[in-house]
1. What is the Cα coordinate range of region B:10-108 on the first, second and third principal axes, sorted by size from largest, in whole angstrom?
2. Could you tell me which residue out of A:I101, B:V52, A:S46 lies farthest along the dipole of the protein assembly as shown toward its positive end? Charges go on the beta carbon: Lys and Arg +1, Asp and Glu -1, centred on the Cα centre.
3. When only C-alpha pairs under 8 Å and at least 6 residues apart count, what is the relative contact order of chain A, in percent?
4. Helix-only estimate, please: 222 nm mean residue ellipticity of chain A, summing -39500 (n - 2.57) across DSSP H runs of length 4 or more and dividing by its residues, to the nearest 500.
5. Test of understanding: in a Gaussian network model of chain A with alpha carbons linked when under 10 Å, which of A:K172, A:K18, A:K72 would top the mean-square fluctuation ranking?
6. How long are the three semi-axes of the equivalent ellipsoid of the protein assembly as shown, in whole Å, if each is the root of 5 times an eigenvalue of the C-alpha gyration tensor, listed from largest down?
7. If the viscosity is 1.567 mPa s and the temperature 4 °C, what translational diffusion coefficient in µm²/s does Stokes-Einstein give for region A:40-83 when Rh comes from Kirkwood over Cα pairs?
8. Compute the longest continuous run of chain B that contains no exposed GluC sites (Glu not before Pro); treat a site as exposed when its DSSP state is not H, G, I, E or B and it has at most 15 other Cβ atoms within 10 Å.
Amino acid sequence: MKGLIGKKVGMNQMFDDKGNVIPVTLISLGPCVVMDIKTMEKSNYSALKLCYEEQKEQRIKKPLLGQFKKAKITPTKTVKEIRFSSDKEIEQYNIGDKIDISIFEENKPVKVTGITKGKGFAGVMKRWNFKGAPASHGAHENHRSAGSVGAGTDPGRVVPGKKMPGHMGNAKMTVKNLQLMKIDAENNIIAVKGAIPGCTKSLVIVRQD
Amino acid sequence: MAKLNTDKIQKEFEKQYLREKPLDFVVGDTVDISYKITEGEKSRIQKFRGIVIAMKGSGAKQTFMVRKMSQGIGVERIFPVNSPNITDVKVIKHAKVRRSKIYYMRDRTGKAASKVN
């Protein structure tokens with residue numbers, strides 16, 4: 001598993017070899033700089049600490065700035081750790097290395113992680129795809145209600161995990177098995193088939209096996 | 001790092017799918033479209049002749065709608081302007097119209113349905 005940090009650009013479309021229209025999401029990825037390497041021996045897991053998007057020094061918190069100085073790299077807005085399955089995959093990298101889009105392969109599935117758009121306090125129809133109540137036949141003032149939330153005296157309580165209204169969105173979400181349609185190494189852009197979580201310019205992590 | 005200019009990136013991406021030679025017709029024209037159809041291994045060219053009644057979108061996403069009368073029944077087809085399957089579009093007849101979408105053609109019957117003005 002390898003990955004990079006990037007930003008969602010937005011959706012577009014492209015044509016495949018047969019001339020079919022394919023909906024794609026464009027993502028601006030990397031290049032990312034390696035800040036730290038975590039190995040099995042040292043930390044009991046394998047990961048790379050990656051930095052994305054340069055930032056002025058005065059805008060970085062002091063503890064984080066110390067980490068940048070130690071690694072001798074320019075400060076960045078975002079620092080994220082990306083897990084790798086084994087030490088073997090990260091052997092080739094040193095602290096300060098730049099990783100760019102070329103690590104990905106075309107026509108292979110990727111996982112995209114992002115923060116979904118916030119929907120606020122949402123009812124059960126929007127949040128859990130409930131059917132709601134009838135529009136007519138005597139129904140009134142409860143067209144979008146959830147209906148019953150459980151049985152009677154036995155068990156005398158609502159079962160834990162019952163789907164109810166509440167806050168929806170603005171949560172971390174991963175979409176798996178999105179086909180990587182195109183890589184533009186020159187501009188650091190990739191095109192992924194289908195939709196990905198989040199709004200335009202929101203931070204995403206793209207990973208590929 | 002420079003700010004992410006999504007608009008520029010989108011336009012740059014669309015550029016690679018744009019037609020080398022833009023199709024030259026306007027709404028109201030009667031056109032003859034040669035469309036490549038692939039069935040298994042073989043591919044053949046299918047013709048579709050009708051009146052362009054609408055154009056939608058811009059850039060690589062632009063599409064146009066063609067309407068024809070087939071045995072008294074209206075048939076409408078939407079083509080992507082930049083589809084690689086469109087090998088040729090010939091303008092048979094030009095007609096000047098005052099609307100950008102001439103959906104009023106749908107209400108016409110008989111001989112009037114097959115010509116704009």
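1. 40, 34, 19
2. Towards the positive end, the residue furthest out is B:V52.
3. Working: 450 pairs, mean separation 63.6, N = 209.
Contact order relative to length: 30 percent.
4. Details: 4 runs with 23 residues, N = 209.
So the calculated ellipticity at 222 nm is -2500 deg cm²/dmol.
5. A:K18
6. On the way: eigenvalues 458, 228, 66 Å².
The three semi-axes for the protein assembly as shown are 48, 34, 18 Å.
7. Values: Rh = 11.3 Å.
My calculation gives 114 µm²/s for D.
8. Numbers: sites that count: B:E20, B:E41.
Answer from the scan: B:42-117.
The values are calculated or read from the model by the stated rules, or taken from the named source; none is laboratory data. In this text the structure is predicted, and so the values were computed from the model without any measurement. Cβ coordinates were reconstructed from backbone atoms using ideal geometry, including for glycine residues, and neighbour counts include every protein chain displayed. Please note that ligands, DNA and RNA were not included when accessible areas were found on the heavy atoms of the full protein model with its side chains. Shrake-Rupley method; radii C 1.70, N 1.55, O 1.52, S 1.80 Å.
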